[in-house]
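Notes to accompany the following structure.
The values are calculated or read from the model by the stated rules, or taken from the named source; none is laboratory data. Quick caveat, the model's predicted, so the values are computed rather than measured. Cβ sites come from the backbone with ideal geometry, for glycine too, and all protein chains shown count toward neighbours. Side chains included, ligands, DNA and RNA excluded: accessible areas come from the protein's heavy atoms. Shrake-Rupley method; radii C 1.70, N 1.55, O 1.52, S 1.80 Å.
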Amino acid sequence: MQVIQTRYNRNDIINTINKNKSYTADITPSPNFLFVTQDTGYKPYQALNDIIDNSLDADATKVDIVIGHRKTKPFITISDNGHGMDVDILAGAMVLGASSEELNSKNKKCEDGSHGRFGTGLKTSIATFQSKSTIFSKIKDGKLYKVEYNIEEMVNNGGYNVPISLATDDEVDFFNEHTNNSQSGTVIKIYDIKKFNCTSITSQKATMISSIGQTFRRFIYSKRCSFTINGKIVYGTDPMSFMIPLVDGKLTFKSTLLNSLELDNLLYTDSDGNEKRDGSAKLSVYKLPDTDRKLSEKSGFGSITKSGFYVLRNNREVMEADTLGIFGRNTELCRFRIEMDITSDIDSITLPNFLKTTLFFSDYFLNRIKPFIKSEVNRFRVEYRKANPSKKLSDVQENYNERYINHMKKIKSLLPMLPSVEKEKKKTKPSVTTGRKNKSYNPTDNIIIGYNSMGEFGKAWEGFLLDDVNKKVELIINEDHKLNTDFMVDSEPKLLGVVTSLMTSLTYAKYCNLPDGKDGDDYLEKWEQIETQFGMILRQILDGVPQ
């Protein structure tokens, strides 16, 4: 029988504690932890962006990427003309969770501030590809050094040791070719990739081009850094369509800047643990330009799931299309977007995860921006409804909606509790209209019914949460859908009761099961897909259904 060699000996620990009152355990991570870094949740394009962050921190003005395959395995080469790393910094860069002292970056800051934070980006990014890698780097007037970062070999050798050596003449030629003979820079060669196969290279490249163009648009637009993939220039794309407007043939579509908010007295804790009150952030609210349906679909301007916050940390996008739990998505807001600018100085209140793919804003920060955003959301919806008044709302529906709203108010105590989206002591009067003609909003109501034009084959209706404390939801009925035009406009109250109650019940059910955090965003996005598909199928079924 094979005897398993354990790391710690129970008897030795007990004896040492009995003798010395305590035992000091060496908790150096097991080499197997390196395999964990291969499964952090990064997608290949996100891992590539994290590697690019290091190039920008090195003040690179040019980053060239080559993606292809040799024999049956994909490879990626990332080259930059930044200031490079001397041998000691190169060694420090290989340390998981490297400190600023190990990276000699304590007092260094590039023009936009550091994009790094946890000292893990380079290693976890490379590991994401489940590959082998070689890193070449040199400083001006220095020698070219290389590091072999091979997780399988490191684990087999039982430690965290990586070989560092001078590059060969052939490797110097390789470096010069990829950096266009730059006097300094870094080249990372990632090969024998297992994360994706050769047949996926084309799609991976397309995703990387799109992601780099959007993520680093500020650097591209200001010409601080240029990017190429397989020799082709990567152009910046702006989801706001403002700094870089959308161009379609001879037509240019530029967004409207509706409002902005600048905060310059945010309270935060700096990297040395000092409390400061000079943190800043800027929010810019945009209305996307009106385009035809085909271009809206192509550009994403008509997508509900693309509305929300686009957050840039040190001019690098780290989050896209997130509501931060401040407002609910609906068709009326599909052209509503907010660009938020923050810096790494206030990381203590914006709380980036170690992958730098999302932020977990503190309540303090959210409470500073909520009033402004809620006001802008309500103003946007009011203006939308003024510009797009309902044309198919009948007297029958108006009269029924008022009765239904009163009915819901009576049974409010019987309805299930809804998960807390936010809790505010002060409740404000929404500035959205209801389905009741010439009636003001009543704070005790727990449902609002509105109408919107979503297209004949769009959703049959949308339902979302307005206020969890008062169990308040809103229904927006698609006035163009066959369910409304043929079966609700002049319907009997009994049928209206069934249909409206079904809509309300599904809305409550959706939010009763809403998970917390980022899982909630994914959950609501799936509901978005379900509701859209449901509307399309229902339209087909209702066409010619027996009356």
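Computed values, structure above
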| quantity | calculated |
| --- | --- |
| Residue in the stretch 268-279 that is among the aromatic types (Phe, Trp, Tyr) and touching a helix residue (DSSP H, G or I) at 6+ places or on another chain (Cβ under 6 Å) present | yes |
| Pair list, Cβ under 8 Å, 6 or more apart: the stretch 452-470 residue of a type in the set (Ser, Thr, Tyr), other residue modelled with pLDDT under 85 and open to solvent by 10 Å² or more (accessible area, probe 1.4 Å) | Ser453/Asn388; Ser453/Ser390; Ser453/Lys391 |
| Helices (runs of 4 or more DSSP H) lying entirely in the stretch 117-179 (those with 1 or more residues that are at pLDDT below 90 and open to solvent by 50 Å² or more (accessible area, probe 1.4 Å)) | 151-156 |
| Some residue of the stretch 475-486 being in a strand (DSSP E or B), touching an Asp or Glu at 6+ places or on another chain (Cβ under 7 Å) and either open to solvent by 70 Å² or more (accessible area, probe 1.4 Å) or closer than 21 Å to Leu333 by Cα (or both) | yes |
| Qualifying position, being touching a Phe, Trp or Tyr at 6+ places or on another chain (Cβ under 8 Å), under 30 Å from Ile52 (Cβ atoms) and touching a residue at least 24 places away in the same chain (Cβ under 8 Å), among Leu324, Leu333, Leu393 | Leu324 |
| Hits in the stretch 216-230 (condition: touching a residue at least 60 places away in the same chain (Cβ under 8 Å) and surrounded by fewer than 18 Cβ atoms within 10 Å (Cβ to Cβ)) | Arg224, Ser226, Thr228, Asn230 |
| Hey, Ile530 buried (at least 19 other Cβ atoms within 10 Å of the Cβ) and at pLDDT 90 or above or not | no |
| The stretch 399-438 - residue that is among the small types (Gly, Ala, Ser) and at pLDDT 50 or above and, of those, most open to solvent (accessible area, probe 1.4 Å) | Ser413 |
| Selection count where residues are open to solvent by 50 Å² or more (accessible area, probe 1.4 Å) and under 24 Å from Gln130 (Cβ atoms), scope the stretch 67-94 | 5 |
| Residues of the stretch 491-528 satisfying the condition of being more than 21 Å from Asn330 (Cβ to Cβ) and either of a type in the set (Lys, Arg) or out of contact with any helix residue (DSSP H, G or I) (no Cβ under 6 Å at 6 or more places or on another chain) (or both) | Ser491, Glu492, Lys494, Leu495, Gly497, Val498, Asp516, Gly517 |
| Residues within the stretch 180-197 that are assigned to a strand (DSSP E or B) and hydroxyl-bearing (Ser, Thr, Tyr), tallied | 2 |
| Failed item in (1) among the small types (Gly, Ala, Ser); (2) within 25 Å of Lys62 (Cβ to Cβ); (3) open to solvent by 50 Å² or more (accessible area, probe 1.4 Å), with Gly213 passing the rest | (3) |
| Scan of the stretch 34-53 for residues that are in contact (Cβ under 8 Å) with a residue 24 or more places away in the chain, of a type outside the set (D, E, K, R), assigned to a helix (DSSP H, G or I) and under 15 Å from Leu96 (Cβ atoms), ordered by number | Leu34, Phe35 |
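The rows are residues; the columns are (1) in a loop (DSSP other than H, G, I, E, B); (2) aromatic (Phe, Trp, Tyr); (3) crowded, with 16+ Cβ neighbours inside 10 Å.
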site: Glu456; (1), (2), (3): yes, no, no
site: Ser491; (1), (2), (3): yes, no, yes
site: Val498; (1), (2), (3): no, no, no
site: Pro515; (1), (2), (3): yes, no, no
